[in-house]
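The values are calculated or read from the model by the stated rules, or taken from the named source; none is laboratory data. What you see is a predicted model; the values in this text were computed from it and never measured. Cβ atoms come from the backbone with ideal geometry, glycine included; neighbour counts cover every protein chain shown.
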Amino acid sequence: MNTALFRLLALTLALFLAAAAAPSLHAQDLGAIRARMEKRIPQIDALKTQGALGENNRGLLEVRAAAPDADSVSAAENADRTAVYAALAAKTGATADAVAKSRAKQIANNSAPGVWLQRDSGDWYKK
């Protein structure tokens, strides 16, 4: 699946940049984050297909409908994404919020049809 491959490549690039720039996050920590995020991809994709999860305009997952594990999966993924965004912000001199919003646009552009996405205005739509 092209979307999964793109997500894996983007994740690898983000973690590489974070590792190069964030002395507070050790390579060991980033490796653990990457492993957790990669492991969750199939579960996240399934929950998005069901309409249970969507991608908000801050680069984070948001629960859209009740589904088993939706809350726990989104919480774990969002914690890891937040750590990566903070590391990238430290590297680039941007704020973590700016990094997250930029990542939200990338995620939206590369999301599969039918995935719930949030516009900058806060409105939700299906791609």
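Just one of the numbered conditions (1) crowded, with 16+ Cβ neighbours inside 10 Å; (2) free of Cβ contacts under 8 Å to residues at least 24 places away in the same chain is not true of Ala66: (1). Scanning region 43-62 for residues that are under 25 Å from Leu88 (Cα atoms) and either part of a loop (DSSP other than H, G, I, E, B) or without any contact (Cβ under 8 Å) to a residue 24 or more places away in the chain (or both) gives Asn56, Asn57, Arg58, Gly59, Leu60, Leu61.
Can you tell me how many residues in region 67-112 are under 16 Å from Ile44 (Cβ atoms) and not in a helix (DSSP H, G or I)?
Step one: of region 67-112, the residues under 16 Å from Ile44 (Cβ atoms) are 67-82, 84, 103-104, 106-108, 110-112.
Filter once more, so that each one left must be not in a helix (DSSP H, G or I): 67-69, 111-112.
Matching residues across region 67-112 total 5.
Filtering Ser74, Ser102 for residues that are among the small types (Gly, Ala, Ser) and touching a strand residue (DSSP E or B) at 6+ places or on another chain (Cβ under 8 Å) leaves a single hit, Ser74. Against the conditions (1) modelled with pLDDT under 95; (2) surrounded by 14 or more Cβ atoms within 10 Å (Cβ to Cβ); (3) of a type outside the set (Gly, Ala, Ser), Thr92 satisfies every one except (2).
Looking only at residues that are aliphatic (A, V, I, L, M) and touching a residue at least 60 places away in the same chain (Cβ under 8 Å) in region 84-106, which one is nearest to Gly51 (Cα to Cα)?
We begin by selecting, within region 84-106, every residue aliphatic (A, V, I, L, M); these are 84, 86-90, 94, 96, 98-100, 104.
With the extra rule that they be touching a residue at least 60 places away in the same chain (Cβ under 8 Å), the set shrinks to 84, 86-88, 90.
Values: Val84: 25, Ala86: 28, Ala87: 30, Leu88: 29, Ala90: 34 Å.
Taking the candidates together, the pick is Val84.
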